[in-house]
Amino acid sequence: MQKSCSMSTFKRVFVVGGTGFLGYHAIQEFLAHGWGVTALGLPPDPPADLYPESVKIILRPLEEISDGELLSLLGGHEALVFAAGMDDRVTSRKPAYPKFRRANVESPLRLFRLAAQAGVRRAVALGSYFAHFNRLWPEMKLAERHPYIRSRLEQGKALTTIPNLATCVLELPYIFGALPIPGWKPLWAPLIKYIRSAKTLFYMQGGTSCISAGTVGRAIFGVVERGEGGKSYPIGQENLTWVEMLTRLAAADGRQVRVVRLPSWIIRLGLLGVWLLHQLRNIESGLDLRYFTPIQTAETFLDPIPSQKMLGYEPVSLEEAFQQTVLACR
């Protein structure tokens, strides 16, 4: 029998990464539906007005909290959201995979097992749409070649098989929006700087699914309410070529640009040069740049409708999210 994440009487949710970008947007959605919230995040203290006083904020690294204390903290919560982990931009000393495994598999696995013991009934982990494309395009060997993608694939397998805990995974594409904390910068800051640097830009072929952070927040709430335990949901909002994405970000910044598509071999040479520099420094990226060009220049598009229907959420404007992104980079 399939476990169901559907339940309309939840009272309290525990959000790991609760003071971060996606944790913030998830919490807004839970609060809007009358839930109590515990937010676990990292120091320093967030602004006093980030959340209402009803939100319990704990500022400690997850790995520094003992099993016994975590059991106590998780008690009384019906749902768990893991909006933390290590993203694909991280580079570390070779080999990189053990670091990604600790952050994206071992750490949440300990948390989710303890959550089940504490009586938490539903859980959601935020993953990557690269896991979806690993299933869709096995010939690319994404999990085999890229430490980050391998960790996300293993994360989904490990977390969705815990007894007595109905766990779902949201597989996320590129996300836009802002976190209302002074000085916060989105990961898109280097790209926005490039867009502002000239009227003619050079970029790669292909494209991606894009989504607003507000839509992700709604999807998180939807998957806790309606998701099917053990299932992964790739979610998107709009499918844009890279040219379209850069053009719309520029327009959100009040600029007009011309984007010239570069042939894939130029992208491959550039990424290979970065990989060689990493080799000289004995570091490794979460994405092996020798093999990254095929996926990055593909059209990694998602149909947003199935997940929206299954999880019962409406999208929040991507155009507004673009505007918030460029505003946060000023």
Of the trypsin sites (Lys or Arg not before Pro) in segment 198-251, those whose Cβ has at most 15 other Cβ within 10 Å and which sit in DSSP loop: K199
Share of Cα-Cα pairs in segment 230-293 lying beyond 14 Å, as whole percent: 72
Heavy atoms of V260: accessible area, 1.4 Å probe, square angstrom to 10: 40
Of all accessible heavy-atom area on segment 134-207, the percent that carbon and sulfur account for (1.4 Å): 59
Most to least accessible of L262, L114 (protein chains only, probe 1.4 Å): L262, L114
Bins of 5 Å from zero: percent of alpha-carbon pairs in segment 140-218: 3, 10, 12, 16, 19, 17, 12, 6, 2, 1, 1, 0
For segment 191-330, the Rg and Dmax computed from alpha carbons only, in angstrom: 17.7, 49
Cα-based Lys pair tally, the chain, threshold under 25 Å, eight or more apart or on separate chains: 20
Overall form of segment 278-330 per C-alpha gyration tensor (a/c, 1.5; a/b vs b/c): oblate
Packing rank of 287-297, 76-86, where each peptide gets the mean count of other beta carbons within 10 Å, highest leading: 76-86, 287-297
Principal axis box of segment 1-142, alpha-carbon based, largest edge first, Å: 48, 42, 29
Proportion of all alpha-carbon pairs of the chain beyond 37 Å (%): 15
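At 222 nm, what value in deg cm²/dmol follows for the chain if DSSP H runs of at least 4 each add -39500 (n - 2.57) and the sum is divided by all its residues, to the nearest 500?
Helix contribution divided over all residues of the chain: -11500 deg cm²/dmol.
Quick check for you: with a 1.4 Å probe and neighbouring chains kept, what is the accessible area per residue of the chain, in Å²?
Working: 14890 Å² over 330 residues.
On a per-residue basis, the chain sits at 45 Å².
State, as an integer percentage, the relative contact order of the chain based on alpha-carbon contacts under 8 Å between residues 6 or more apart. Can you show the working numbers first?
Details: 653 pairs, mean separation 74.0, N = 330.
Taking the mean separation of contacting Cα pairs over the length of the chain, I get 22 percent.
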Calculated P(r) tail over 28 Å for segment 85-236, as whole % of Cα pairs: 28
Kyte-Doolittle mean at least -1.0, axial Cα span of 27 Å or more - DSSP H helices of the chain: none
Per principal axis, descending, Cα span of segment 106-167 in whole Å: 41, 18, 16
Scattering curve values for segment 15-81, log₁₀ I(q)/I(0), Debye with Cα scatterers, q = 0.28 Å⁻¹: -1.44
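The values are calculated or read from the model by the stated rules, or taken from the named source; none is laboratory data. For clarity, every value in this text was computed on a predicted model and none was experimentally measured. Neighbour counts run over all protein chains shown; Cβ positions are idealised from the backbone, glycine included. Surface accessibility is based on the protein's heavy atoms, side chains included, excluding ligands, DNA and RNA. Shrake-Rupley method; radii C 1.70, N 1.55, O 1.52, S 1.80 Å.
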